[in-house]
Amino acid sequence: MLCFEETLNRAIFLIKEQENKIKSLASKLFDSTNRIHKLSLPDKELFIPIKEQRLSAKVAGVDSGFTNLSLSTLEIVLIRAIAAVFTYKNNSLERAEYLPKAIPLPEPIICTKAMQNEDISVNKSLLRLTKEANLACDTIKQFRPDFCFLDGSIVPQSADKPGKNSCLKPLYEKTLSLFQELYECSLSYEVLLVACVEDSKGTMLQDTLELHSEEPVYDTTLLSYIMEEGERTFAFPYSKNPSKHPVLKDIKKEFCEKIFVFYIRPSKHDVPLRVEILANSKENLSSCVENAASIAYLLSKGHREYSYPSVLLEADLHARLKPEEVQAVIDRLFCKIRPNVLGLRRNRRPFD
């Protein structure tokens, strides 16, 4: 049996070996320019310097805090969605506004349907997405920002799609409907919809360039070895084949064709950040990408080791659920419901 030091040294060896493999794969990216030229995309280079501009715009950011409580007969999801709206003039923050104005207690949403374990997580995620999409649309209508940032992807994820026989199919369809309302709202009010994925696990850039390896590597990991601070990648479609994508195939084609992805690097001490946009049209895609890259870069470069838009950090700070708030809602609920509506047995062990 290996001793601890031998196990540790083995782990270090494997990490270094993996790092060398990633460096080798990253070097192949530089040979991909010819492939980019063959694609029908506005950008013809792998990396493009971000055009910095003075920040004079109104920027909204939407995020939510959420958790769920499993009881013996029902599921309770607590959600609080908040929008932060920053108004900048000549790189200075002039005003900060919020929707709703007062920070409310988290809203309890009750689900009495019997759900499989895998559906419990999907239910929580879909309810969160409906709240965020709804609030983002309200924020656009009320504040008319130039940019509206979403925390997470610009479309629901494959993991958010319930199975064919799931009781959550109506909720999934409602979520897709609200997202498409948001897309339509952003286009109607000429607001550039931008989404940032804090910890992206995507490999779509490599798929677009047909850069394959025996051991898949995340795009952000790969790019961190060769991408310079202040650069962005070329913009590419969210999916090469939307009609076969698990979620995009359920969304109108007119929206799918306008969703593009690229990466930016606001700090050399942090990995690149995945950015997704809903372009106003294919004709002005270059302008949309440049504007989104510039504003995301300016908002994300405030900390040398953590690159994320400040407006989303502000929304997260206000939306995040505090333990005492969650407990307050639970206590008030338990005062009203029947005594035999108990928590799960695993959470009521008397000997822990």
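The values are calculated or read from the model by the stated rules, or taken from the named source; none is laboratory data. Owing to the predicted nature of the structure, the values given are computational and were not obtained by experimental measurement. Methodologically, a virtual Cβ is constructed for each residue, glycine included, from the backbone with ideal geometry; neighbour enumeration extends over all protein chains shown.
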Inset, instruction - State which residue is surrounded by the fewest Cβ atoms within 10 Å (Cβ to Cβ) when the search covers only segment 271-287 and only residues that are among the charged types (D, E, K, R) and modelled with pLDDT under 95. - result: E283
Legend entry - Hey, L222 in contact with a strand residue (DSSP E or B) (Cβ under 8 Å, 6 or more places away or on another chain) and more than 30 Å from Y98 (Cα to Cα) or not: no
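Residues are listed down the side, and each one gets a yes or a no for (1) among the charged types (D, E, K, R); (2) buried (at least 19 other Cβ atoms within 10 Å of the Cβ); (3) modelled with pLDDT under 95:
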{"position": "F255", "(1), (2), (3)": "no, yes, no"}
{"position": "S310", "(1), (2), (3)": "no, yes, no"}
{"position": "A315", "(1), (2), (3)": "no, yes, no"}
{"position": "I330", "(1), (2), (3)": "no, no, yes"}
{"position": "R338", "(1), (2), (3)": "yes, no, yes"}
{"position": "L344", "(1), (2), (3)": "no, no, yes"}
Legend entry - Verdict on E190 being on the phi < 0 side of the Ramachandran plot and of a type in the set (D, E, K, R): no
Inset, instruction - Just need a number here: residues in segment 227-241 that are surrounded by fewer than 19 Cβ atoms within 10 Å (Cβ to Cβ) and modelled with pLDDT of 90 or more. - result: 4
Inset, instruction - Return only the number of the condition from (1) under 24 Å from the mean Cα position of the chain (by Cα); (2) outside any strand (DSSP E or B); (3) modelled with pLDDT of 90 or more; (4) among the hydroxyl-bearing types (S, T, Y) that S121 does not satisfy. - result: (3)
Inset, instruction - Would you mind finding the one in L209, L187 that is farther than 22 Å from P246 by Cα, among the hydrophobic types (A, V, I, L, M, F, W, C) and out of contact with any Asp or Glu (no Cβ under 9 Å at 6 or more places or on another chain)? - result: L187
Legend entry - segment 153-176, residues that are assigned to a helix (DSSP H, G or I) and surrounded by 17 or more Cβ atoms within 10 Å (Cβ to Cβ): D160, L171, Y172, T175, L176
Inset, instruction - Say whether the condition of being free of Cβ contacts under 8 Å to residues at least 60 places away in the same chain, among the charged types (D, E, K, R), out of contact with any strand residue (DSSP E or B) (no Cβ under 6 Å at 6 or more places or on another chain) and within 23 Å of Y88 (Cα to Cα) is met by at least one residue in segment 190-205. - result: no
Legend entry - Condition met for E228 (within 25 Å of E45 (Cβ to Cβ) and in contact (Cβ under 8 Å) with a residue 12 or more places away in the chain): yes
Inset, instruction - May I ask you to list pairs of residues, at least six apart or on different chains, whose Cβ atoms are under 8 Å apart, with the first in segment 164-184 being over 14 Å from L150 (Cβ atoms) and the second being among the polar types (S, T, N, Q) and in a helix (DSSP H, G or I)? - result: L168/N123; L171/N123; L171/T130; K174/T130
Inset, instruction - Among the candidates F179, F149, single out the residue that is outside any helix (DSSP H, G or I), among the aromatic types (F, W, Y), under 19 Å from the mean Cα position of the chain (by Cα) and crowded, with 21+ Cβ neighbours inside 10 Å. - result: F149
Inset, instruction - Might you check whether a residue that is of a type in the set (F, W, Y) and under 24 Å from D160 (Cβ atoms) occurs anywhere in segment 211-227? - result: yes
Inset, instruction - Within segment 182-210, work out how many residues are more than 17 Å from the chain's Cα centre (by Cα) and not β-branched (V, I, T). - result: 11
